[in-house]
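Structure record follows, encoded as structure tokens.
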Amino acid sequence: DWADRIYLSVPQDQVVRLSLGNQNGEFTFIRLTGGGEAGSAQGTWSMADLAADETLNTTAVETLLGRASSVTMLRPLGTEEKAEYGMDNPTAVVTLRTQSDEEGAKTYTLRVGAQDPEDNSYVVISSESPYYVRVSESTVQRFVEAVREDFLETPPTPEATPEG
């Protein structure tokens with residue numbers, strides 16, 4: 001009850017690169033600085049390998065960043081890696097790269113292992129901690145299941161015009 005349940009906390013405003021790898025591919029997002037949108041002091045996001053006819057869904061990227069930069073654990077598992085944790089073949093790997101005047105460049109990695117069929121929680125380990133922990137399914141489900149289309153704007157459906 002006295003344990004701090006915040007397992008990983010990364011300052012979102014310092015993240016300049018976000019990468020997610022899972023069974024559906026590798027997705028990399030880069031924060032563009034300087035030429036950001038009006039009112040956006042931090043710049044806007046770009047996606048590696050974005051085709052000319054595709055538009056990035058920045059809300060989806062910001063949601064992913066929010067989940068990746070603040071991870072709350074259900075319970076610690078210990079510092080010893082066990083085969084059942086599934087870290088030999090993680091279900092997802094999230095990498096955050098930050099840049100700040102105080103700390104310079106820093107990289108954080110979050111590996112998501114096996115899911116427990118009983119409570120649906122996942123094993124996770126961060127580069128910032130020696131502890132393996134269990135986190136809720138809702139915390140990491142987006143990391144595990146994301147597909148490229150999740151990060152693209154859906155083109156608007158043309159409205160039917162009544163024939164005159």
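The values are calculated or read from the model by the stated rules, or taken from the named source; none is laboratory data. Note that the structure is predicted; figures quoted are calculated from it, not measured. For neighbour counting, all protein chains shown are included, and Cβ atoms are generated from backbone atoms with ideal geometry for every residue, glycine included. Heavy atoms of the whole protein, side chains included, go into the accessibility calculation; ligands, DNA and RNA do not. Shrake-Rupley method; radii C 1.70, N 1.55, O 1.52, S 1.80 Å.
Ordering D119, D101, D49, D4 by accessible surface, largest first, gives D101, D49, D4, D119; the 1.4 Å probe counts only protein heavy atoms, with every chain in place.
Based only on Cα atoms, what Rg/Rh ratio does segment 73-119 have, Rh being taken as Kirkwood's radius? Rg/Rh for segment 73-119 comes to 1.11. Scaling the Cα radius of gyration of the chain by the globular reference 2.2 N^0.38 Å produces a ratio of 1.20. With no solvent and one equal point scatterer per Cα, compute the Debye intensity ratio I(q)/I(0) for segment 55-100 at 0.18, 0.31 Å⁻¹ and report its log10, rounded to two decimals. So the normalised log intensities are -0.83, -1.18.
The accessible area of T28, taken with all protein chains in place and a 1.4 Å probe, comes to roughly 20 Å².
Using a probe of 1.4 angstrom and keeping all protein chains present, the accessible surface of the chain works out to 60 square angstrom per residue.
Neighbours of G25, meaning other residues whose beta-carbon lies under 10 angstrom from its beta-carbon, give a summed charge of -1 when Lys and Arg score +1 and Asp and Glu score -1. Rounded to the nearest 500, the helix-only mean residue ellipticity at 222 nm of the chain stands at -4000 deg cm²/dmol, with each DSSP H run of n ≥ 4 adding -39,500 (n - 2.57). If you roll a 1.4 Å probe over the chain with all protein chains in place, what percent of the accessible area is carbon or sulfur? The nonpolar share, carbon plus sulfur, comes to 45 percent.
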